[in-house]
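S.K.: Here it is, the structure, as structure tokens.
The values are calculated or read from the model by the stated rules, or taken from the named source; none is laboratory data. The structure displayed is predicted, hence computed values, not measured ones. For neighbour counting, all protein chains shown are included, and Cβ atoms are generated from backbone atoms with ideal geometry for every residue, glycine included. The accessibility values were calculated without ligands, DNA or RNA, using every heavy atom of the protein model including side chains. Shrake-Rupley method; radii C 1.70, N 1.55, O 1.52, S 1.80 Å.
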Amino acid sequence: KLPTEQELIARFSVSRTVIREAMASLRSEGLVVSRQGSGVFVADHRANPTFRIGSGEMRSLTEVENVLQLRLAIELEAVGIAAERRSLDDLAKMRRYLDAIDGSIAAGGSAIEAEFAFHSAISSATGNPYFERFMHFLGPVVIPRQLMRPPQETPEQLAAYLVHVQKEHRRIYQAIERQNGKAARTYLRRHLEASRERYRRMSRHPQMS
């Protein structure tokens, strides 16, 4: 059972409105339930689980491929809608994340957070908040290279791979900028299918370098 509304207000030093908005958000996600005359309780997630994909589930190439398949189903539609509805602010946000990916590659990084942000910006550009919420439910775990890489891959090989991936991102961006939904879907499909093939090769040749 959660503390009463007054106890939460006193504990966190916030207004009644803040507490009620927080509770409404928790209820909408199925995390808490109200029982008349008894109070508010943490929901039983065995009966009503909240959808999440955690890094602990991404332990095999099969799981990686399953997530990429899920992304393909969702993002293919999102990128087409984004191409139709994107605003100038949406495009500016995507460019910032593309620049962040370039900066990470130049610094020898993996660009995982920036790449996730770029894909999230596409979902945001649809104007449909559920696409964006779904991406954030998945989280950066949908970028599989943070969990699995070819065992003998060198920093130089990773950088070359990321440069190639970034070219794919820019093609997707340019199609969205031109408001060409068909091209955006084509480039997004190629991008995710190429990623899936990379992990399939790892499965067939686990010692690949």
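S.K.: Could you check segment 178-196 and list, in sequence order, the residues that are surrounded by fewer than 16 Cβ atoms within 10 Å (Cβ to Cβ), closer than 13 Å to R71 by Cα and touching a residue at least 60 places away in the same chain (Cβ under 8 Å)?
M.R.: Selection gives R189, E193.
S.K.: Further, regarding this structure: Please give the number of the condition V42 fails out of (1) at pLDDT below 80; (2) open to solvent by 90 Å² or more (accessible area, probe 1.4 Å).
M.R.: (1)
S.K.: Evaluate segment 96-107: report whether one residue or more is under 20 Å from E197 (Cβ atoms), buried (at least 18 other Cβ atoms within 10 Å of the Cβ) and out of contact with any Lys or Arg (no Cβ under 8 Å at 6 or more places or on another chain).
M.R.: No, segment 96-107 has no match at all.
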